[in-house]
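Engineer: Below you'll find the structure I mean.
Only the coordinates and a few stated rules stand behind these numbers; no lab work does. What you are looking at is a predicted structure, and each value in this text was computed from that prediction instead of being measured. Cβ placement follows ideal geometry from the backbone for every residue including glycine, while neighbour counts extend to all protein chains displayed.
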Amino acid sequence: MSHKLPCQHCNSDCVTKVYNESGEVFCCTGCKQVYEILQNNNLCDYYRFQEGTSKVVGSSKLLDDYRYLDTENIRKQLLRFQQSDKANVSFYLPTIHCSACVWLLERLPQLQQGVLQSKIDFLRKEVDIWFNPAQVQLSEIAFLLGQVGYEPKIDLESVSEKASKNPNRDLYLRIGVAGFCFGNIMLASFPTYLDTQNSMEPYLMDVFSYVSFALALVVVVYAAAPYWKAAFMSLKMRHLDLNIPIVLGMSVLFLRSTYEVFIAHQASYFDTLAGFVFFMLLGKWFQQKSYDNLRFDRDYKSFFPLSARKKINDKWIPTPITQLQKGDEIQLQHGDLVPADAVLQEGIAQIDYSFVTGESERVQVNKGDLLYAGGRQMGGKISLLLEKALNQSYLIKLWQEVPFQSSNKPLYATLTDKISKIFVPVVLSISVIVGIYWYFNEVDRMWEIISAVLIITCPCALLLSSPIIWGNILRLLAAKGILIKDTQALEQLSDIDFIVFDKTGTLTEVQNAILQYEGAPLSEEEKSLIAMATVQSGHPMSRSIFEKFKTYMPEKMPEDVFFEERVGAGIHFNVARHYIFIGKKERSENGTIIVIDGKEKGVFLQERKIRTGIKSLINTLKGLHYKIAMLSGDGVQDEKMMEAVFGENVPLKFACSPYDKLNFIREKQEKNHKVMMIGDGLNDAGALKQSDFGLAISEQNLQFSPASHAIIEGNNLVKMPEVLAIAKGGKKLIYGALLISLLYNVVGIYVASSGMLSPLFAAIIMPLSSVSVVIYGMLGSNILVKKYYSHIARDIADSLTFAPQKTSTKFSLDIKTQV
Amino acid sequence: MSVIVILIVASLLVALIFLGAFLWAVRSGQYDDDYTPSLRIFHDETINKQHANKSSEHN
């Protein structure tokens, strides 16, 4: 019924229209705001880099909202470097998503005088800004970023100690050095391989050997240092891991070669040694590739703001929330987080506890009632009297609980750990047996052959198999939207036999509640009136009503409309003689009534919707003999619905506190179950951490999720059976890789123990075994993921019944309610 | 044949220069972010074009 009109800024269809002075059309004021800033600064090239629809919309925050950044206390904590004319700050900008973002943000100096340089780290979604504090304030920079659509996320975590150096730097250096030494030792060893008739002049042989020795010394001392350290640690903790045979092999290689060079004047094994260290470091690098923009170890700090306005001498002064004390009076505005458990003093509190409980419905709090830390005030200003300091609050205390102290959880023994427990004794006893044999046959060669056995059994291929296979699966899954923390987490996933679901926000969708209308049928005109009345409101109920009626929205909003929205008291809307009220009849009542021209037309009811495909997911998991349970923090009102989803023999627990959830998982673990917890929200944080595999569901660009082993978006949940199968398949692949390296070892041990091992043979067989394991691992894991993923791709297409939510609508609506 | 010793030393020195360059690059942070530069690569060109267009308009 309406022709399409793309927004000048974000290129999406304009449902409501906002025009600027030159008549260009925008879908919302946020888009218009960004466009105007860019136009005024000759930065419209931005739109040429832009592909498809833009996801950034100007923030509605005011400069005053950022003023707290300029207070000395907070400023000092945020700045990384400070001089009178130069300062450095770094912000996390969650909305960075494309190359146009990089282009625009790196031109900040053009937008704001005093900004000297800005540099983006795309994967971390961070901007690193150098500015002149004499010309521009921190608050102005943050405000500008918000204005152009990149509102910085400033929270308690921004000021906590962070490793400024990239942890990979160290590894890169070692790989570089090992690679350099490996290459040059090869060069120096090559002549000795070709010299089959021993015709080389002896002094030349020595020169080559001394060069190799010097380079190998660097490899052993510098490049291999982490292995020495790790082996020392594991000896100290009396925990036998693969580092021991590595270090053993390395020392024997080095000592034997040193002997060959300086005493026997023979060809050495230094090339094998350097190659071995180089390959191992490469394996480590492959495994270490991680997602820089995701934080799996998030604690409460990333959920809480930096400061709150505290009452000091009748003025509201921004104060770091870590300095807030019991008895302080603070003020919150729309969208602010309750920083600590507090009592409501003044104002109407509509608290959204969605990231505490996963429940998006707002809770009305009366004067004198307790508000819990982590709730978000939606609506007007309120003032609170703090009952507790930040770290005494209920939710924060959860973090200080046992499971959050990582040392209390037993170390997970990986497959390679288990194997090395067998591997080391077996290798040692083989060398003893071989040694005894040669002692009685040719005692002169005994030490030479024992060392040869130890050299050839060095578990290089064994060590590579796990990082290559898990690392590759990790990357392939990440490309499909299943983000797992590290290779160890993936391995833990393959052992899971018990799956625990959280209800709200996990099984049910937070946003897509089904809207039902009961009452008299509505005419076209009435529907259009309702659309006009609700378009301006940011309340979730109004938004879902608007979604339902948005096709009835007139092309242009009539000029003389009256709109008023009072928090908790509904919407009053007047247009051309019509009067509309949308809201609750009684505060406590369920459902929103529609009154048009004094007549009550009907009621809108919201029913929480279960995610698409959950029921078949549960059935599939049951079919695969996984044990299942459900824990919910809510009351029993949804019991019937949940019984229908889970069927029989599944424990369903309602009204669980965060501690109950945690204890439930602990109980199952004591019964030797490997438990996976699927949840969202801070109330699942304890359970997620305690479980053997914590899976966090996140809806908002994966930004807000508690500490976990993996993060996925809600609609990926139905892929769980395939992901579990891939993890199990990965384990089988590793067994295959072990078999391959074992075969090479058997050949190697035979050659070594019969006294035929030569440096040339070692230099060929060792890299060969590593390379075959790498090729096998890469191919195998690719085939594995592809095999299961063809199912997944189909399922996803089926389950995507709801359109992806457009963020811009939400932002624009928020702006309008505030105006 | 003793010339080969000099050659070895020379080749090692050249290789060391490259190793040094690599170490410097890593230490100065050039390997910290290996993704963003790939997005940045086309940007400057378009900017120059814009400037070129502008100056030609003025003429």
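Engineer: Using the structure shown, select from A:527/A:599; A:485/A:653; A:661/A:728; A:125/A:609; A:311/A:381; A:76/A:119 the pairs with a Cα to Cα distance greater than 23 angstrom.
Structural biologist: Beyond 23 Å between Cα atoms: A:485/A:653; A:661/A:728; A:125/A:609.
Engineer: With the cut-off at 17 Å, report for the stretch A:305-389 the share of all Cα pairs above it, as a whole percent.
Structural biologist: Across the stretch A:305-389, Cα pairs with separations above 17 Å total 38 percent.
Engineer: Multiply the residue gap between residue A:616 and residue A:199 by 0.36 nm, knock off their C-alpha separation, and tell me the result in nm, one decimal place.
Structural biologist: Additional length available on full extension: 142.6 nm.
Engineer: Determine the gain in length on full extension of the stretch residue A:206-residue A:758; use 0.36 nm per residue of separation and subtract their C-alpha separation, reporting nm with one decimal.
Structural biologist: Full extension from residue A:206 to residue A:758 adds 196.9 nm.
Engineer: Sort A:205, A:557 so that the residue with the fewest other Cβ atoms within 10 Å of its own Cβ comes first and the one with the most comes last.
Structural biologist: In increasing order of surrounding Cβ atoms, one gets A:557, A:205.
Engineer: Still on this structure: For a test of the definition: using alpha carbon positions, the gyration tensor, and the 1.5 limit on a/c, classify the stretch A:730-786 as rounded, prolate or oblate.
Structural biologist: oblate
Engineer: For an R0 of 35 angstrom, estimate the FRET efficiency from the Cβ-Cβ distance between residue A:786 and residue A:230 and round to the nearest 0.05.
Structural biologist: So, using R0 = 35 Å, E works out to roughly 0.50.
Engineer: May I pose another question? Using 0.36 nm per residue, how much length does the chain from residue A:443 to residue A:128 gain when fully extended, once their Cα-Cα distance is taken away?
Structural biologist: The span from residue A:443 to residue A:128 would gain 106.7 nm if fully extended.
Engineer: How compact and how long is the stretch A:165-290, expressed as Rg and Dmax of its alpha-carbon atoms in Å?
Structural biologist: Radius of gyration, then largest Cα-Cα span, for the stretch A:165-290: 16.1, 53 Å.
Engineer: Using a 10 Å cut-off around each Cβ of peptide A:105-112, what is the average number of partner chain Cβ atoms that fall inside?
Structural biologist: 1
Engineer: A follow-up question, please. What three numbers, in Å, describe the spread of the alpha carbons of the stretch A:80-195 along their principal axes, ordered from the longest?
Structural biologist: Largest first, the stretch A:80-195 extends 72, 32, 28 Å along its Cα principal axes.
Engineer: Using the 10 angstrom Cβ neighbour count as an exposure proxy, how do A:692, A:128, A:502 rank, fewest first?
Structural biologist: The most exposed by this proxy come first: A:128, A:692, A:502.
Engineer: If you count, for every residue in A:124-130, the Cβ atoms of partner chains within 10 Å of its Cβ, what is the mean?
Structural biologist: For this peptide, the per-residue mean of nearby foreign Cβ atoms is 1.
Engineer: Rule-of-thumb check for the stretch A:422-530: C-alpha Rg over 2.2 N^0.38 Å?
Structural biologist: 2.44
Engineer: Would you mind checking A:671/A:719; A:668/A:787; A:61/A:310; A:61/A:86 for any pair whose Cα atoms are more than 30 angstrom apart?
Structural biologist: Check vs 30 Å cut-off fails for A:668/A:787.
Engineer: For residue A:455, what charge total do you get from the other residues with a beta carbon under 14 Å from its beta carbon, if Lys and Arg give +1 and Asp and Glu give -1?
Structural biologist: Numbers: positive: A:256; negative: A:260, A:271, A:448.
Around residue A:455, the charge tally is -2.
Engineer: Now a separate question. In nm, to one decimal, how far is the residue A:584 label point from the residue A:648 one, both placed 7 Å along Cα→Cβ?
Structural biologist: Each label point is offset 7 Å from its Cα along the Cβ direction, giving 4.1 nm.
Engineer: Going by C-beta contacts inside 10 Å, put A:611, A:543 in order with the fewest on the left.
Structural biologist: Lowest count first: A:543, A:611.
Engineer: Enter the mean number of other protein chain beta carbons within 10 Å of the beta carbon of each residue in B:3-15, as an integer.
Structural biologist: The shielding value for this peptide is 3.
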